[in-house]
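Engineer: One structure is given below, represented as structure tokens, and several questions about it will come after.
The values are calculated or read from the model by the stated rules, or taken from the named source; none is laboratory data. These figures come from a predicted structure and were not determined experimentally. Positions of Cβ are generated from backbone atoms using ideal geometry, with glycine treated the same way; all protein chains shown enter the neighbour counts. When the accessible area is computed, the model is the full protein with side chains, heavy atoms only, and any ligands, DNA or RNA have been set aside. Shrake-Rupley method; radii C 1.70, N 1.55, O 1.52, S 1.80 Å.
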Amino acid sequence: MHRLRPLVALLVPLALAGCADIKEAGRTVGHTTKNVTRDIGHTTRDVTREIGHSTRDAVKQVGDELSD
């Protein structure tokens, strides 16, 4: 049993260091995913808004031309 203690003392810090690397990688993936998703959402919102404004303006223009 006493012979295993140095081995355990060596492996525990290595395992913890590996866990920290995995945690950091997960954090990086999570933040990147959040940023990409936000950018897609904002772009979709902006495009939808532009389509709505263009449609409104076109309908208004047709209505004005029919009124004349």
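Engineer: Determine ³J(HN,Hα), in whole Hz, for all residues of segment 51-67 in sequence, where each value follows from phi through the Karplus function 6.51 cos²θ - 1.76 cosθ + 1.60 and θ = phi - 60°; x replaces Gly and Pro.
Structural biologist: 4, x, 5, 5, 5, 4, 5, 5, 5, 4, 5, 5, x, 5, 5, 6, 6
Engineer: What number results when the radius of gyration of the chain, computed over Cα atoms, is divided by 2.2 N^0.38 Å?
Structural biologist: Normalised Rg, Cα atoms only: 2.69.
Engineer: For the residue pair A15 and R45, what label-to-label distance in nm results when each label sits 7 Å from Cα along the Cα-to-beta-carbon direction?
Structural biologist: 4.5 nm
Engineer: If you don't mind, another one. To the nearest 20 debye, what is the magnitude of the charge dipole of the chain about its Cα centre, counting +1 on the Cβ of each Lys and Arg and -1 on the Cβ of each Asp and Glu? Working shown, then result.
Structural biologist: Details: 10 positive and 9 negative charges, 200 e Å.
Computed about the Cα centre, the dipole is about 960 debye.
Engineer: Net charge within 15 Å of H31 by Cβ-Cβ distance, Lys/Arg positive one each and Asp/Glu negative one each, not counting H31 itself?
Structural biologist: +2
Engineer: Treat each spin label as a single point 7 Å out from the Cα along the C-beta direction, and report the D57 to R38 distance in nm.
Structural biologist: Distance between label points: 3.0 nm.
Engineer: Skip the ligands, DNA and RNA, and give the accessible area per residue of the chain with a 1.4 Å probe, whole Å².
Structural biologist: On the way: 6180 Å² over 68 residues.
Each residue of the chain exposes 91 Å² on average to a 1.4 Å probe.
Engineer: Of P13, H42, A58, whose Cα points farthest to the positive end of the dipole of the chain (charges on the beta-carbon: +1 Lys, Arg; -1 Asp, Glu; origin at the Cα centre)?
Structural biologist: The residue sitting most towards the positive pole is P13.
Engineer: Return the sequence-ordered ³J(HN,Hα) values of segment 30-42 in whole Hz as given by the Karplus equation 6.51 cos²θ - 1.76 cosθ + 1.60 applied to θ = phi - 60°, using x for Gly and Pro.
Structural biologist: Values, residue by residue: x, 5, 5, 4, 4, 5, 5, 4, 4, 5, 5, x, 5 Hz.
Engineer: Given a 1.4 Å probe and every protein chain left where it sits, what share in percent of the accessible area of the chain is carbon and sulfur?
Structural biologist: Accessible surface attributable to carbon and sulfur in the chain totals 66 percent.
Engineer: Still on this model: Around R56, under 13 Å between beta carbons, what's the net of Lys plus Arg minus Asp minus Glu among the other residues?
Structural biologist: Taking every other residue near R56 into account, the sum is -1.
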